[in-house]
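Structure first, then comments.
The values are calculated or read from the model by the stated rules, or taken from the named source; none is laboratory data. Worth saying up front: this structure is predicted, and the values here are computed from it rather than measured. FYI the Cβ positions are ideal-geometry reconstructions off the backbone, even for glycines, and counts take in every protein chain you see. For accessibility, only protein heavy atoms count, side chains too; no ligands or nucleic acids. Shrake-Rupley method; radii C 1.70, N 1.55, O 1.52, S 1.80 Å.
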Amino acid sequence: MFGNRKDNLQAKYNKLMQESYELSTVNRKKSDEKRAEAEEIGRQIDELEKQA
């Protein structure tokens with residue numbers, strides 16, 4: 001059960017981090033927003049790992 005949710009969250013995390021990186025040279029504010037979203041997903045992943 002947790003594996004599939006974790007995989008989905010990990011994919012979202014990776015996508016947001018990539019978007020943050022791509023925006024970092026164009027729009028720093030949006031880059032920071034994407035990174036903050038990714039960090040929140042990272043916390044969710046950590047919580048799932050603690051539950052497992």
### Message
Looking at VAL26 and the list (1) in a helix (DSSP H, G or I); (2) over 11 Å from the mean Cα position of the chain (by Cα), which single condition is not satisfied?
### Response
(1)
### Task
Output the qualifying pairs, or none if there are none: Cβ atoms under 6 angstrom, residues six or more apart or on different chains, first residue in the stretch 1-23 and at negative phi and small (Gly, Ala, Ser), second residue at pLDDT 95 or above and part of a helix (DSSP H, G or I).
SER20/SER31; SER20/LYS34; SER20/ARG35
## Note on the structure
Residue hits (the stretch 14-45; open to solvent by 70 Å² or more (accessible area, probe 1.4 Å) and either hydroxyl-bearing (Ser, Thr, Tyr) or modelled with pLDDT under 95 (or both)) are TYR21, THR25
